[in-house]
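The values are calculated or read from the model by the stated rules, or taken from the named source; none is laboratory data. For clarity, every value in this text was computed on a predicted model and none was experimentally measured. Cβ placement follows ideal geometry from the backbone for every residue including glycine, while neighbour counts extend to all protein chains displayed.
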Amino acid sequence: MELAEAVRDETAMSMRLLLRLARGDNLAVSPLSLHAALALLGAGARGATLDQIVVFLGPAGGPAHAALASHVALRCLANSPGGDDSGGGPTVRFANGVWVDSALRLKATYARVVAEDYRAEAHPVSFRDMRKRGARSTRGSRLESATGGRINDFLPEGSVDSSTPVVLGNALYFKGSWQSKFDARLTRHDTFYLPNGGQVHAPFMSSGKRQYIACRL
């Protein structure tokens, strides 16, 4: 019951995010990743900060959302059924990380909670040294490993400095195989109509099979 309420809250939060972020451009967003990051933040927060996080996540409450994040990390995405990327898949990996500036004190109890309950790693770092060669990629090595090398520059140049207290990182990696793989020989070039009224010539996937399209307004 607790998890079901948290799932309903996350669904509602996802719709709020999409309505806020969608501006007509192509968009890929993972509400699950944002939920995980906020749960990690909540695990180390107290007082008004924790209250704000809980209000944003939804009325199920902090314990319910913490339980959902832990359930996803430990059970749903703990082990990928696909195993090796070279196979047919699907391969799913979910990695969390917390980096706390060394000027602050990283509590051992918090590091233990995020490791045991969220399969995350908490590390003290010096953000003053982040501009040094190799420092940024070293801090993101766990996320790079989890994504098969797809994310190799987790913290872009200039994203952190001496005023940065904490960085929360999440990587969601998926690799699967097509149920019906497209035959490139069936590519057909035709006109693609742009939202602004213009048009371009573009390659299309084509098929003689019946296609079903649904639209919900």
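Taken together, 54, 98 contain a single residue that is under 30 Å from residue 126 (Cα atoms), modelled with pLDDT of 90 or more, in contact with a helix residue (DSSP H, G or I) (Cβ under 8 Å, 6 or more places away or on another chain) and crowded, with 18+ Cβ neighbours inside 10 Å, which is 54. Looking across segment 169-216, the residues that are aromatic (Phe, Trp, Tyr) and out of contact with any helix residue (DSSP H, G or I) (no Cβ under 7 Å at 6 or more places or on another chain) come down to 174, 178, 182, 192, 193, 204, 212.
Listed here are the residues, each with its yes/no results for (1) among the aliphatic types (A, V, I, L, M); (2) touching a helix residue (DSSP H, G or I) at 6+ places or on another chain (Cβ under 7 Å); (3) modelled with pLDDT of 90 or more.
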position: 4; (1), (2), (3): yes, no, yes
position: 11; (1), (2), (3): no, no, yes
position: 18; (1), (2), (3): yes, no, no
position: 21; (1), (2), (3): yes, no, no
position: 29; (1), (2), (3): yes, yes, no
position: 63; (1), (2), (3): no, no, yes
position: 66; (1), (2), (3): yes, yes, yes
position: 75; (1), (2), (3): no, no, no
position: 86; (1), (2), (3): no, no, no
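Residues of segment 170-217 that are within 26 Å of residue 30 (Cα to Cα) and either of a type in the set (D, E, K, R) or surrounded by 10 or more Cβ atoms within 10 Å (Cβ to Cβ) (or both): 170, 171, 172, 173, 174, 175, 176, 177, 181, 216.
Specify the residue that is modelled with the lowest pLDDT; the eligible residues are those in segment 118-134 that are in contact with a Phe, Trp or Tyr (Cβ under 9 Å, 6 or more places away or on another chain) and of a type outside the set (D, E, K, R). Residue satisfying both the conditions and the ranking: 127. For first residues located in segment 115-139 and buried (at least 18 other Cβ atoms within 10 Å of the Cβ), partners that are at pLDDT below 55 and not in a strand (DSSP E or B) and lie 6+ apart or on another chain with Cβ distances below 7 Å form the pairs 125/139; 130/136. Contact annotation: residue pairs with Cβ atoms under 8 Å, 6 or more positions apart or on different chains, pairing a residue in segment 177-199 that is within 30 Å of residue 92 (Cα to Cα) with a partner that is assigned to a strand (DSSP E or B), are 187/203; 187/204. Checking each residue in segment 168-204 for being of a type outside the set (A, V, I, L, M, F, W, C), in contact with a Phe, Trp or Tyr (Cβ under 7 Å, 6 or more places away or on another chain) and within 30 Å of residue 123 (Cβ to Cβ) picks out only 169.
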